[in-house]
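S.K.: Below are the structure tokens for one structure; questions will follow.
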Amino acid sequence: MADTPSQISRHGGARVDLPGRYGPIAALRVEPAAPGLNATALLLPGFTGSKEDFAPLLDAVAAAGFGVLAIDLPGQYESAGPEDESAYLPDALGQPIAELVERLTAEGERILLLGHSYGGLVARGAVLANAPVIGLTLLDSGPGELPPGYRRAALDYGEPILRANGIAAAQRMREQLDAAAPGWSNTPVELKEFLYTRFLRSSVTGLLGMADGLRHEPDRVTKLSHALRARPAPCLVVCGEADDAWSIAAQRDMADRLDADFAVIPGARHSPNVENPTGLLATLLPTWRAWLRG
């Protein structure tokens with residue numbers, strides 16, 4: 001399964017390395033344009049993604065007064081990761097993210113945690129590992145494993161290819177899927193080259209572990225609800241109007257169970273951060289400001 005946004009900028013933010021359990025965590029950091037809010041948005045990408053997926057949001061979030069950190073999850077693109085597939089399951093991967101949040105909090109940052117797609121499952125794992133967040137946003141993420149559909153089928157088909165023939169063979173499968181996607185022929189060559197390079201730099205162990213998580217993650221919404229209330233921390237569930245991973249109904253139900261705000265972004269599918277960043281920001285920024293006002 002490939003998350004292949006229509007636009008990804010490789011620019012935006014200062015490239016930094018953060019300390020992590022498995023080695024450096026690659027990040028893009030932008031400082032707030034003006035002091036006052038004292039909050040940082042920590043952004044977690046989805047399966048096969050990276051920090052660059054959030055590039056269209058970075059400057060606008062900073063201009064609104066928030067600090068922002070977009071990271072590669074362990075094993076993704078420029079971040080180090082372990083050689084243990086089980087370490088990439090959502091709860092397990094949530095632990096080093098919780099450690100990162102704890103470290104940033106100790107340095108005086110208040111963290112608004114956002115996870116996109118698989119990153120949402122990881123963000124949930126971080127909260128369940130007692131990450132001291134002041135708010136949680138789940139972006140096009142679901143209550144548990146991926147439901148039946150082409151994304152799930154691509155995982156089922158791709159795993160044996162990746163195990164038997166390696167990442168180059170999996171990349172060739174991705175190229176075939178991408179070629180059939182609407183609008184792929186109009187994708188800039190520079191972007192295609194970046195996506196090619198990024199995938200080949202992904203950890204094979206990480207891809208296999210995350211794929212396992214996407215196919216077997218149980219519904220932990222009730223447990224997350226209890227954890228958020230215990231903090232307490234507010235929650236937002238937001239998705240594209242044509243999300244083709246988890247259904248809109250499933251995400252709305254998850255929001256109800258979390259007593260969370262819920263929003264649908266027009267003109268977007270599974271990645272509003274690149275498909276309609278302006279529309280996504282129109283939901284994120286006022287919601288986060290309202291959370292800070294209490």
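The values are calculated or read from the model by the stated rules, or taken from the named source; none is laboratory data. Everything numeric in this text was worked out from a predicted model, so none of it was measured. Virtual Cβ from ideal backbone geometry, glycine too; neighbours counted across all protein chains shown.
S.K.: Do we find that Glu159 is part of a helix (DSSP H, G or I), out of contact with any Pro (no Cβ under 8 Å at 6 or more places or on another chain), modelled with pLDDT of 90 or more and surrounded by fewer than 17 Cβ atoms within 10 Å (Cβ to Cβ) in this structure? Steps first, answer last, please.
M.R.: Values: part of a helix (DSSP H, G or I): yes; out of contact with any Pro (no Cβ under 8 Å at 6 or more places or on another chain): yes; modelled with pLDDT of 90 or more: yes; surrounded by fewer than 17 Cβ atoms within 10 Å (Cβ to Cβ): yes.
It is true that Glu159 is part of a helix (DSSP H, G or I), out of contact with any Pro (no Cβ under 8 Å at 6 or more places or on another chain), modelled with pLDDT of 90 or more and surrounded by fewer than 17 Cβ atoms within 10 Å (Cβ to Cβ).
S.K.: Which one of these does Gly294 not meet: (1) at pLDDT below 95; (2) on the phi < 0 side of the Ramachandran plot; (3) not charged (D, E, K, R)?
M.R.: The number of the failed condition is (2).
S.K.: Kindly indicate the residue of region 249-294 that is outside any helix (DSSP H, G or I) and aliphatic (A, V, I, L, M) and also nearest to Phe47 (Cα to Cα) among those meeting that condition. Spell out how you get there, then give the answer.
M.R.: Taking region 249-294 first, the residues outside any helix (DSSP H, G or I) are 259-271, 276, 294.
The next check asks that each one be aliphatic (A, V, I, L, M); those that pass are 260, 263-265, 268.
Working: Ala260: 24, Ala263: 22, Val264: 21, Ile265: 21, Ala268: 18 Å.
Among them, the one singled out is Ala268.
S.K.: Let me ask something additional. Please enumerate the residues belonging to region 92-122 that are under 15 Å from the mean Cα position of the chain (by Cα) and in a loop (DSSP other than H, G, I, E, B).
M.R.: Result: Ser117, single match.
S.K.: Pairs only if they're at least six apart or on different chains, beta carbon under 6 angstrom, first in region 217-237 and farther than 12 Å from Leu136 by Cβ, second of a type in the set (Gly, Ala, Ser) and surrounded by 13 or more Cβ atoms within 10 Å (Cβ to Cβ); list them, first residue then second.
M.R.: Correct list of pairs: Glu217/Gly144; Pro218/Gly144; Asp219/Gly144.
S.K.: Scan (1) buried (at least 19 other Cβ atoms within 10 Å of the Cβ); (2) touching a residue at least 40 places away in the same chain (Cβ under 8 Å); (3) out of contact with any Ser or Thr (no Cβ under 8 Å at 6 or more places or on another chain) for the single condition Ala268 breaks and write down its number.
M.R.: Checking Ala268 against (1) buried (at least 19 other Cβ atoms within 10 Å of the Cβ); (2) touching a residue at least 40 places away in the same chain (Cβ under 8 Å); (3) out of contact with any Ser or Thr (no Cβ under 8 Å at 6 or more places or on another chain), the one that fails is (2).
S.K.: Being among the acidic types (Asp, Glu) and assigned to a helix (DSSP H, G or I) is the filter here, so list the residues in region 173-220 that pass it. If you could, list the steps in order and put the result at the bottom.
M.R.: First, pick out the residues of region 173-220 that are among the acidic types (Asp, Glu): 175, 178, 190, 193, 212, 217, 219.
Within region 173-220, Glu175, Asp178, Glu190, Glu193, Asp212 meet the criteria.
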